[in-house]
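The values are calculated or read from the model by the stated rules, or taken from the named source; none is laboratory data. It should be emphasised that the depicted structure is a prediction, and the values quoted were computed from it without experimental measurement. Neighbour counts are summed over all protein chains in view; Cβ atoms, including those assigned to glycine, are modelled from backbone coordinates with ideal geometry. Surface accessibility is based on the protein's heavy atoms, side chains included, excluding ligands, DNA and RNA. Shrake-Rupley method; radii C 1.70, N 1.55, O 1.52, S 1.80 Å.
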Amino acid sequence: MSNVAVIGAQWGDEGKGKIIDWLANRAEVVVRFQGGNNAGHTIVVGDKTYKLSLLPSGVIQGKRSIIGNGVVVDPWSLLDEIGRVCAAGVAVTPDVLVLAENAVLVLPIHRELDAVREMSNTSKLGTTKRGIGPAYEDKVGRRAIRVVDLKDFDSLPAKVDRLLAHHNALRRGAGADEIDGDKLLAELKEVAPKILPYVGSSWRELDAARRAGKRVLFEGAQAVLLDIDHGTYPYVTSSNTVAGQAAAGAGIGPKQIGYVLGITKSYTTRVGEGPFPTEQVNATGEMLGSRGNEFGTVTGRKRRCGWFDSVLVRQTAITGGIDGIALTKLDVLDTFETIDVCVGYRLGDQVLDYLPADAVAQAKLTPVYETMEGWNCSTRGARSWADLPANAIKYVRRIEELIGAPVALLSTSPDRDDTIMVRDPFLG
Ligand code: IMP
């Protein structure tokens, strides 16, 4: 049995929550390894819908769930989420949840800075305004407050001073009020006892799991096209979202990652700013958005919609390390007479089979489409290949061929049970 890492293969919102929940059923440990409460994973179980942001999806099934060191953690938001999930009847106790002591905290100053930047035309990226970017900046700048710092109130004032020396200099330059260190210290002291019962060591937990032969599921957030290195920079999130990050962000060796499952919608969506070659700003885009209910889980923003882009997913399969894909939301295409798939980009007199790294070139690309016949009947809720119309199977097979990766799972509705397994990811 292999471990499994799940990552998004497009710009996020591919339906990772459902697939992770489905796989979590057969895992013993579930770990988040990057991102923060910018993520929004929706899990539908019967008539209940859970919306998770920071909590690993394993909590819903009472699996050992770890928030790894690569995650940036807003402690107030985490407590709110624990409260919400507990109110919905799911116990999130320290027996279930472990928060890595070496994870970095997202503070009110980070949220504020994120929001201020989003108000400026020169720095707007369309972020979720959760303070994720500024928190990672402080991490890399080696001035962040970490979870473990909440244990030691004696050394906390010096750490807060060091952090505010940076932030208050910025704020003075911008003509904003300085942050009061005593107020921040008081807020941290107030939240500490509520967070500390969950605090532990991600790497030691995972080492124990490995020795005991337990199956681990690594739960990626966002997606490869939002990766800080491999995404559509600068319109990206501030973490690495590729499978390789599961090792660094959880505290395990790269060989422990196991099978990498990339989650891919049967079409494409994106929230926020940035290039999107197959975007359909027309009736097709509206139809995809309304049939696919394309509104952000975290911010409620309307998602931009377009045709499936095989060039992008072929590339993310390579950079993300994807072994196989879970194809989701095929049913959204049920009513289209014909369906376009992007197979290349025209740039001047060249045809490219990859996304150029330069944002200026990315904005100039014209997609080259292959048009396929639709199937004009419902695939919603299909539970075997035999339930799928021939044209839908053709579409899936063509996608596999174009992206160079096999379909391991096919999801045909948000319901846990509406999943066709072609290959068991835990078998490697
Ligand atoms: P940030 O992660 O809040 O800094 O936002 C940076 C970019 O990533 C923006 O375009 C966001 O819309 C996008 N983003 C962040 N998290 C998610 C997600 O979970 N799904 C989809 N897009 C996301």
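Structural remarks
- Residue, nearest to the ligand (Cβ to nearest atom), within the range 27-44, restricted to residues that are of a type outside the set (Gly, Ala, Ser), surrounded by fewer than 24 Cβ atoms within 10 Å (Cβ to Cβ) and within 18 Å of residue 81 (Cα to Cα): 42
- Matching residues, the range 60-118, being in contact with a helix residue (DSSP H, G or I) (Cβ under 6 Å, 6 or more places away or on another chain), charged (D, E, K, R) and closer than 15 Å to residue 200 by Cα: 101
- Residue match in the range 237-248 (condition: open to solvent by less than 10 Å² (accessible area, probe 1.4 Å), more than 10 Å from the ligand (Cβ to nearest atom) and not assigned by TED's automatic domain parsing to the domain that holds residue 54): no
- Filter result for residue 383 (part of a loop (DSSP other than H, G, I, E, B) and among the charged types (D, E, K, R)): yes
- Of the residues making up the range 217-224, at least one is in contact with a Lys or Arg (Cβ under 6 Å, 6 or more places away or on another chain) and either open to solvent by less than 50 Å² (accessible area, probe 1.4 Å) or under 30 Å from residue 362 (Cα atoms) (or both).
- Among the residues of this structure, residue 360 does not count as one that is over 21 Å from residue 263 (Cβ atoms), outside the structural domain of residue 17 (by TED's automatic domain parsing), of a type in the set (A, V, I, L, M) and over 26 Å from the mean Cα position of the chain (by Cα).
- Failed condition for residue 140, given (1) loosely packed, with under 14 Cβ neighbours inside 10 Å; (2) touching a residue at least 40 places away in the same chain (Cβ under 8 Å): (2)
- Filter result for residue 174 (more than 16 Å from the ligand (Cβ to nearest atom) and within 30 Å of residue 359 (Cα to Cα)): yes
- Test: residue 272 is small (Gly, Ala, Ser) and open to solvent by 10 Å² or more (accessible area, probe 1.4 Å): yes
- Every residue from the range 156-185 that is free of Cβ contacts under 8 Å to residues at least 40 places away in the same chain and touching a Leu at 6+ places or on another chain (Cβ under 7 Å): 156, 157, 160, 181, 185
- Within the range 296-313, being without any contact (Cβ under 8 Å) to a residue 40 or more places away in the chain and surrounded by 19 or more Cβ atoms within 10 Å (Cβ to Cβ) holds for 304, 305, 306.
- Residues within the range 275-295 that are within 13 Å of the ligand (Cβ to nearest atom) and surrounded by 17 or more Cβ atoms within 10 Å (Cβ to Cβ), tallied: 3
- Residue check: residue 168 meets all listed conditions (1) surrounded by fewer than 18 Cβ atoms within 10 Å (Cβ to Cβ); (2) at pLDDT 95 or above; (3) polar (S, T, N, Q) but one, namely (1).
- Selected residue (only one of 65, 2 is open to solvent by less than 10 Å² (accessible area, probe 1.4 Å), in contact with a strand residue (DSSP E or B) (Cβ under 7 Å, 6 or more places away or on another chain) and hydroxyl-bearing (Ser, Thr, Tyr)): 65
- Unique match (being in contact (Cβ under 8 Å) with a residue 12 or more places away in the chain, within 16 Å of the ligand (Cβ to nearest atom), over 19 Å from residue 53 (Cα atoms) and surrounded by fewer than 24 Cβ atoms within 10 Å (Cβ to Cβ)) among 257, 228: 228
- Restricting the range 330-352 to residues that are outside any strand (DSSP E or B) and in contact with a helix residue (DSSP H, G or I) (Cβ under 9 Å, 6 or more places away or on another chain), the residue that is surrounded by the fewest Cβ atoms within 10 Å (Cβ to Cβ): 348
- Entry remark, the range 260-269: residues being in contact with a helix residue (DSSP H, G or I) (Cβ under 6 Å, 6 or more places away or on another chain) and either among the hydrophobic types (A, V, I, L, M, F, W, C) or open to solvent by 10 Å² or more (accessible area, probe 1.4 Å) (or both) number 2 in total.
- Whichever residue in the range 11-26 is surrounded by fewer than 24 Cβ atoms within 10 Å (Cβ to Cβ) and outside any helix (DSSP H, G or I) and, among such residues, is farthest from the ligand (Cβ to nearest atom): 26
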